[in-house]
Amino acid sequence: MTSTVYAPHDHHTCITAALANAKTLCESRGARLTPVRRRVLELVWQNHKPTGAYELLPQLAQDGFNSAPPTVYRALDFLLELGLIHRISSLNAFIGCAHPGQEHTTGFFICRLCGNALELSPERMQDVNTRLAEELGIVIEEQTIELSGLCPSCQLSATTAKEDIA
C-alpha cells in the first residue's frame, strides 16, 4: 500500500477511515469507544504529525471534556492497547495506526522539517526482521524503527532553496 502522507490528499478520508476502523474494532472486542476516546483519536489523526499528550489538553478542554492529564493518558493507553495508534518513542508522541487491529511490526519515517510521519509497510518491516533474525541467529521479540530525514516535498524545497542561493 502506498501512503499518501507526502502526497496531496483529502485528509478527511484518513480521519473518517480511522474512526470507522475504531468503531468496528471496539465492537468486535466488546470495548467502548467513549466520546473522550473518540475525540482523542480524532485529534491524533488531525494531521500526519505525531502529537504529544499535552498538546491534546487544550483542544479537549475547548471541546468540553475533562482535560486533566490522566484523562488523556487513559484514552491514549486504550487506543494503544487496541492498536489504533502508535507511540513514537523519540518524540514521546502519538500517531494514528495505518493498520489497526492487525498485529504488525512497526516502523516510521519522520520528516525533520515538516514533521509529518509515515508508518512504514508492515510487510517490509517484517522482511527486515526476518533477514536479520536469519543472518544473526537471533529472536526479535519487540522492535520499532524510527527513521528521520527529508520527505519528498521538503527535499524539493531544500533543493530549490540551494538553487536560489547559487
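The values are calculated or read from the model by the stated rules, or taken from the named source; none is laboratory data. Quantities reported herein were computed from a predicted structural model and do not represent experimental measurements. Positions of Cβ are generated from backbone atoms using ideal geometry, with glycine treated the same way; all protein chains shown enter the neighbour counts. Only protein heavy atoms, including side chains, enter the accessible area calculation; ligands, DNA and RNA are left aside. Shrake-Rupley method; radii C 1.70, N 1.55, O 1.52, S 1.80 Å.
For region 132-146, the set of residues classified as under 18 Å from the mean Cα position of the chain (by Cα) and surrounded by 12 or more Cβ atoms within 10 Å (Cβ to Cβ) consists of Gln143, Thr144, Ile145, Glu146, listed by residue number.
So, Asp77, is that one under 23 Å from Glu141 (Cβ atoms), open to solvent by 20 Å² or more (accessible area, probe 1.4 Å) and modelled with pLDDT of 95 or more or not? Don't jump to the end; show me each part of the working.
Values: under 23 Å from Glu141 (Cβ atoms): yes; open to solvent by 20 Å² or more (accessible area, probe 1.4 Å): yes; modelled with pLDDT of 95 or more: yes.
It is true that Asp77 is under 23 Å from Glu141 (Cβ atoms), open to solvent by 20 Å² or more (accessible area, probe 1.4 Å) and modelled with pLDDT of 95 or more.
When you scan region 87-103, do you find a residue that is in contact with a Lys or Arg (Cβ under 9 Å, 6 or more places away or on another chain), more than 22 Å from Gly149 (Cβ to Cβ), at pLDDT 95 or above and hydrophobic (A, V, I, L, M, F, W, C), even just one? No.
Does Thr16 fit the bill of being under 24 Å from Ser121 (Cβ atoms) and modelled with pLDDT of 95 or more? Don't jump to the end; show me each part of the working.
Details: under 24 Å from Ser121 (Cβ atoms): yes; modelled with pLDDT of 95 or more: no.
So Thr16 fails the test.
If you check Gly107, Gly101, Gly115, which single one turns out to be closer than 18 Å to Asn21 by Cα, within 15 Å of the chain's Cα centre (by Cα) and not β-branched (Val, Ile, Thr)? Matching residue, one of Gly107, Gly101, Gly115: Gly101.
Yes/no matrix, rows are residues, columns are (1) of a type outside the set (Lys, Arg); (2) closer than 20 Å to Leu41 by Cα; (3) touching a Cys at 6+ places or on another chain (Cβ under 9 Å):
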| residue | (1), (2), (3) |
| --- | --- |
| Ile88 | yes, yes, no |
| Glu103 | yes, yes, no |
| Glu123 | yes, no, no |
| Ile138 | yes, no, no |
| Glu142 | yes, no, no |
| Cys151 | yes, no, yes |
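In region 15-60, how many residues are in contact with a helix residue (DSSP H, G or I) (Cβ under 6 Å, 6 or more places away or on another chain) and either touching a residue at least 60 places away in the same chain (Cβ under 8 Å) or part of a strand (DSSP E or B) (or both)? So the count comes out to 3.
Kindly evaluate Leu84 against the criterion of being hydrophobic (A, V, I, L, M, F, W, C), closer than 20 Å to His11 by Cβ, modelled with pLDDT of 95 or more and buried (at least 17 other Cβ atoms within 10 Å of the Cβ). Give the derivation first.
Values: hydrophobic (A, V, I, L, M, F, W, C): yes; closer than 20 Å to His11 by Cβ: yes; modelled with pLDDT of 95 or more: yes; buried (at least 17 other Cβ atoms within 10 Å of the Cβ): yes.
Taking the combined requirement at face value, the residue satisfies it.
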